[in-house]
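Visitor: Mind looking over this structure? Questions follow.
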Amino acid sequence: MQLLELTPAELTFLNTAPAVTAPAVTEHTQQRLTHHLASVLTARLRLPVTLHEVLATDPARAQSTPVWFPDAVLASLWLTRRLGGKHVSGVAPFVPLTLIQTLNEVLAECWLDGRNPEAMPTALTWQLTADHMQARLAVQFPHHLSDMTNWARGVIKHV
């Protein structure tokens, strides 16, 4: 079967039409991660948590594993609520290991359950709102997708 040549009108349309692309897989993965993080933090803190992605400067990539950066407000909220407290007072002098483990589990699950993107951002940052408190949470991703997959499998294996 021989294909017909395009008419000048068809060529003009194809050359001037805006490109239509499917949503990037990374956007889907980021949305799933944001939603899953909010759900898990809501359950663990026993209060409604909302997360909104915010623009952040691109830091250097993590070496071979993701690196989390919760701020002191989130660390204090996590410690207070997980120890049974209701009202946060003061600032935690450290980030609890259980918070990092929980964040790692959520990220590993989302990474392995989803369609792995062909490219991922350098980092993601969220503004967290819970119980009239504002906190920030960020994560840096490793450069290689294979490092991310190997890390995620290791995290899930230990859960």
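Visitor: With angles folded into 0 to 90 degrees, how steeply does helix 25-45 sit against the dominant principal axis of the chain? Use alpha carbons for both and round to 10.
Guide: Compared with the principal axis, the helix lies near 20 degrees.
Visitor: With each run of n ≥ 4 DSSP H residues scored as -39500 (n - 2.57), what mean residue ellipticity at 222 nm is computed for the chain after dividing by its residue count and rounding to the nearest 500 deg cm²/dmol?
Guide: Working: 5 runs with 72 residues, N = 159.
Estimated from H runs of four or more residues: -14500 deg cm²/dmol.
Visitor: Taking the structure as given and computing Rg/Rh (Cα atoms, Kirkwood Rh), which label from [x] 1.17; [y] 1.10; [z] 1.04 fits?
Guide: Derived directly from the coordinates: [x].
Visitor: To continue, here is another question. State in Å² the accessible area per residue of segment 23-157; use a 1.4 Å probe, count heavy atoms of protein chains only, and round to the nearest integer. Before the final figure, lay out the partial values.
Guide: Numbers: 7340 Å² over 135 residues.
About 54 Å² of surface per residue is accessible.
Visitor: Using Cα atoms only, what is the angle between the long axis of helix 145-158 and the major principal axis of the chain, expressed in degrees (0 to 90) to the nearest 10?
Guide: Orientation of helix 145-158: about 40 degrees from the principal axis.
Visitor: If one takes the longest principal axis of the Cα atoms in the chain, at what angle in degrees, from 0 to 90 and to the nearest 10, does the Cα axis of helix 97-113 lie?
Guide: Tilt of helix 97-113: around 20 degrees.
Visitor: Above 18 angstrom, tally the Cα pairs of segment 55-109 and express them as a % of all pairs, no decimals.
Guide: 44 percent
Visitor: Please check: in the Gaussian network model of the chain (C-alpha springs, under 10 Å), which one of MET148, MET120, MET133 has the largest mean-square fluctuation.
Guide: Between MET148, MET120, MET133, it is MET133 that shows the largest mean-square fluctuation.
Visitor: Here's a follow-up. Given the Cα-Cα distance of VAL54 and VAL91 and 0.36 nm per residue of separation, how much length would full extension add, in nm? Each step should come with its number before you reach the end.
Guide: Numbers: separation 37, 0.36 × 37 = 13.32 nm, distance 2.33 nm.
Taking VAL54 through VAL91 to full extension adds about 11.0 nm, to one decimal.
Visitor: How far apart, in nm, are two points set 7 Å out from the Cα along the Cα-to-Cβ line at ASN150 and at GLN127?
Guide: So the label points at ASN150 and GLN127 sit 3.8 nm apart.
Visitor: Percent of accessible area on the chain owned by carbon and sulfur, 1.4 Å probe? Each step should come with its number before you reach the end.
Guide: Working: 5890 of 10100 Å².
Accessible surface attributable to carbon and sulfur in the chain totals 58 percent.
Visitor: Pairs of alpha-carbon atoms within less than 8 angstrom and 6+ residues apart define the contacts here; what relative contact order does segment 23-157 have, in percent?
Guide: On the way: 210 pairs, mean separation 51.0, N = 135.
Across segment 23-157, relative contact order equals 38 percent.
The values are calculated or read from the model by the stated rules, or taken from the named source; none is laboratory data. These figures come from a predicted structure and were not determined experimentally. Here the Cβ is made from the backbone with ideal geometry for all residues, glycine too, and neighbour counts use every protein chain on show. For accessibility, only protein heavy atoms count, side chains too; no ligands or nucleic acids. Shrake-Rupley method; radii C 1.70, N 1.55, O 1.52, S 1.80 Å.
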